[in-house]
Amino acid sequence: MFLCILFINSFAQDSSTTTAVNPVSASTVSNQSFSPKDVYKISWAADAPITGGGIGLSFLGLHLIKTKDDLDSLQAAAKNRNDVPSFDRSNAGFYSQKDNDASYVPFFTSFATPVVVMLINKNERQQAGKILVMYTEALAVTSTLYTLTAGSIDRSRPLVYPDKNGNFRAPLSKRESKNSQRSFYAGHTAAAATASFFAAKVFCDLNPDSKFKPVMWVIAAALPAVTAYYRYESGQHFLSDNILGYALGAGVGILVPQFHKTHKNFQRVSFMPAIGQGYKGFSIAYTFK
């Protein structure tokens, strides 16, 4: 999985006199005191180290992934689908390059969604800088969680195993490759969920009275679900890999904007990247007052 960071310089023009209705714009806000600029707050003292630390830890995770070992021919031939937990055995032995290629359509679409909605929606355009900072941070957090996990845990992909008839569908070179030994967990699904749920969360926060909010949540749920489906069918990830990736990605996509709200329900919670002797990851802290 790539840490996809989108930098777009957007200069919003203030226009309080315009009456045109945008198809993705908010409907008339009944609360006249609502102002998009008051919804989020960026704190560079916190956001810079989180984003920078996330990018740095992602490179560490990528290094761990690249230094994984290939399977030898004997190890690959010895793979038995009965060694897979029963709840994950349904797609053991699956392999489809066509489905693997298809998974990149919803995957890349999800990455574009927050930016496209931001460019279309007036309230979001006015807060483009804050949105891009939060989006980069969300992707950095998801990338860190995935790369460190995938780099530290060896789990063969479903395509490495024989199917229920005992036949290996994937080529031997594919089954032996170190790239096929990082099934846990589904990074593409996690990244797609982060991006799509981020888009929905930000849209709803900045357009509280919009009739398009349910549509945004449906899109948010659908894009990573379709990505997960194709990753499952292609033999890239087991069911549990996709479920965990979906949950973690959606959580990051929702929580990062929530942590930046000026009026939020958990001001005492904070999280930071953490690395030290014998450990690496993220720390979560709750301040008692």
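Scan Arg157, Arg169 and give me the residue that is crowded, with 19+ Cβ neighbours inside 10 Å, of a type in the set (D, E, K, R) and in contact with a Ser or Thr (Cβ under 9 Å, 6 or more places away or on another chain). It would help to see each step written out before you state the result.
Values: Arg169 fails: crowded, with 19+ Cβ neighbours inside 10 Å.
Exactly one residue qualifies, and that residue is Arg157.
Of all the helices (runs of 4 or more DSSP H) wholly in the stretch 93-164, which have at least 1 residues that are touching a strand residue (DSSP E or B) at 6+ places or on another chain (Cβ under 9 Å)?
Numbers: elements: 97-102, 104-120, 122-125, 128-152.
Helices (runs of 4 or more DSSP H) meeting the threshold: 128-152.
Can you tell me which of Val24, Val105, Val29 is modelled with pLDDT of 95 or more, more than 17 Å from Arg182 (Cα to Cα), β-branched (Val, Ile, Thr) and surrounded by 13 or more Cβ atoms within 10 Å (Cβ to Cβ)?
Details: Val24 fails: modelled with pLDDT of 95 or more; Val29 fails: modelled with pLDDT of 95 or more.
Of Val24, Val105, Val29, the one residue that is modelled with pLDDT of 95 or more, more than 17 Å from Arg182 (Cα to Cα), β-branched (Val, Ile, Thr) and surrounded by 13 or more Cβ atoms within 10 Å (Cβ to Cβ) is Val105.
Go through the stretch 166-183 residue by residue and tally those that are part of a loop (DSSP other than H, G, I, E, B) and either touching a residue at least 40 places away in the same chain (Cβ under 8 Å) or under 18 Å from Tyr230 (Cα atoms) (or both).
Initially, the stretch 166-183 is screened for residues part of a loop (DSSP other than H, G, I, E, B), giving 166-171, 177, 183.
If we keep only those that are either touching a residue at least 40 places away in the same chain (Cβ under 8 Å) or under 18 Å from Tyr230 (Cα atoms) (or both) as well, we get 167-170, 177, 183.
Going through the stretch 166-183 one residue at a time, the tally reaches 6.
Regarding Ala192, is this residue touching a helix residue (DSSP H, G or I) at 6+ places or on another chain (Cβ under 9 Å), in a helix (DSSP H, G or I), small (Gly, Ala, Ser) and without any contact (Cβ under 8 Å) to a residue 40 or more places away in the chain? Explain how you work it out, then say what you get.
Numbers: touching a helix residue (DSSP H, G or I) at 6+ places or on another chain (Cβ under 9 Å): yes; in a helix (DSSP H, G or I): yes; small (Gly, Ala, Ser): yes; without any contact (Cβ under 8 Å) to a residue 40 or more places away in the chain: no.
The answer is no for Ala192.
How about the stretch 61-89: which of its residues are in contact with a Leu (Cβ under 8 Å, 6 or more places away or on another chain), hydrophobic (A, V, I, L, M, F, W, C) and exposed (fewer than 15 other Cβ atoms within 10 Å of the Cβ)?
The answer is Phe87, and nothing else.
The values are calculated or read from the model by the stated rules, or taken from the named source; none is laboratory data. Model, not experiment: these values are computed from the prediction. Counting neighbours? That spans all protein chains shown, and the Cβs are built from the backbone with ideal geometry, glycine included.
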